[in-house]
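**Q** The structure under discussion is supplied below as structure tokens; questions concerning it will follow.
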């Protein structure tokens with residue numbers, strides 16, 4: 001009965017005209033929208049409307065959160081599920097949005113075993129129980145380019161990862177006996193090779209070195225690169241690309257990228273946090 005009511009509610013929502021203001025915001029601010037193949041955009045518009053309507057959106061820190069802003073976030077989130085169903089994100093129930101990077105308690109241990117408690121600057125988080133926290137200024141900055149750094153993709157990938165541990169939710173077609181196990185084995189082998197490369201000081205093309213932190217961060221970082229620089233990732237990390245293509249059931253390497261998606265240099269929130277921690281360790285040693 002509940003399933004029937006949900007399908008009926010969704011059908012009514014999709015039958016309504018797509019909000020013109022939402023489309024203007026998406027076309028202006030979400031470069032990933034322009035990269036998605038034209039024949040997939042009608043489905044993406046439907047999915048993002050469902051995503052917006054079926055979540056609790058909470059503005060934080062004095063932000064005035066308007067529906068078109070939610071649409072910019074949702075269109076990027078729903079790119080993740082174009083090869084599946086938007087229902088793959090059903091467990092994501094709440095989106096908290098701050099105007100800028102925010103500060104939250106953090107505890108970490110450095111290489112020498114010193115434990116530090118501090119207020120850490122963050123641009124986003126993925127919590128268990130289906131909550132995502134985002135900084136709007138970081139969302140907007142990332143959305144305007146395709147450079148392999150995308151806060152929405154990163155945090156929503158963490159939410160997919162939270163459905164399972166490291167193996168992630170099974171890839172499409174994983175009903176075949178042993179397929180999920182083989183997929184997981186290949187993914188972990190790619191992570192081990194990447195972590196070894198980063199830890200040895202060698203450059204790892206197409207991926208942010210932050211992915212060497214653990215398997216979950218590797219998946220999130222790889223997801224950012226997969227959707228924003230698919231052809232580049234496929235060239236330099238072909239096995240990883242194939243693993244992600246199987247998981248997401250998509251082929252972003254074949255997408256025709258818009259001309260205005262050049263990389264914009266700048267320090268990301270996670271790079272800024274790593275730098276500050278390194279500076280603090282150096283200060284204490286001095």
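**Q** Given the stretch 175-286, what helices (runs of 4 or more DSSP H) lie entirely inside it while holding 2 or more residues that are under 15 Å from residue 146 (Cβ atoms) and at pLDDT 90 or above?
**A** Working: elements: 179-199, 215-228, 230-236, 238-248, 269-285.
Fully inside the stretch 175-286 and qualifying: 215-228, 230-236.
**Q** Cβ-Cβ below 6 Å, separation at least six or inter-chain, first residue in the stretch 248-267 and under 22 Å from residue 187 (Cβ atoms), second part of a loop (DSSP other than H, G, I, E, B) and modelled with pLDDT under 80: which pairs?
**A** 249/172
**Q** A further question on this structure: Conditions first: (1) at pLDDT 95 or above; (2) surrounded by fewer than 13 Cβ atoms within 10 Å (Cβ to Cβ). Residue 82 passes all but one, so which condition is the exception?
**A** Here residue 82 clears every test but (2).
**Q** Hey, another quick one. Exactly one condition in (1) in contact with a helix residue (DSSP H, G or I) (Cβ under 9 Å, 6 or more places away or on another chain); (2) touching a residue at least 12 places away in the same chain (Cβ under 8 Å); (3) surrounded by fewer than 19 Cβ atoms within 10 Å (Cβ to Cβ) is not met by residue 27; state its number.
**A** In the conditions (1) in contact with a helix residue (DSSP H, G or I) (Cβ under 9 Å, 6 or more places away or on another chain); (2) touching a residue at least 12 places away in the same chain (Cβ under 8 Å); (3) surrounded by fewer than 19 Cβ atoms within 10 Å (Cβ to Cβ), residue 27 misses (2) alone.
**Q** Considering the stretch 71-95 alone, what residues qualify as being within 22 Å of residue 136 (Cβ to Cβ) and either touching a residue at least 60 places away in the same chain (Cβ under 8 Å) or out of contact with any strand residue (DSSP E or B) (no Cβ under 7 Å at 6 or more places or on another chain) (or both)? Explain how you work it out, then say what you get.
**A** First pass over the stretch 71-95, keeping only residues within 22 Å of residue 136 (Cβ to Cβ): 71-80, 89, 92-95.
Result: 71, 72, 73, 74, 75, 76, 77, 78, 79, 80, 89, 92.
Quick grid of which residues meet (1) exposed (fewer than 14 other Cβ atoms within 10 Å of the Cβ); (2) within 18 Å of the chain's Cα centre (by Cα):
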{"residue": "8", "(1), (2)": "yes, no"}
{"residue": "34", "(1), (2)": "no, yes"}
{"residue": "45", "(1), (2)": "no, no"}
{"residue": "56", "(1), (2)": "yes, no"}
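**Q** Which condition does residue 39 not pass, out of (1) closer than 23 Å to residue 148 by Cβ; (2) surrounded by fewer than 18 Cβ atoms within 10 Å (Cβ to Cβ), if it passes all the others?
**A** (1)
The values are calculated or read from the model by the stated rules, or taken from the named source; none is laboratory data. The structure presented is a predicted model; accordingly, all values stated were derived computationally and were not measured. For neighbour counting, all protein chains shown are included, and Cβ atoms are generated from backbone atoms with ideal geometry for every residue, glycine included.
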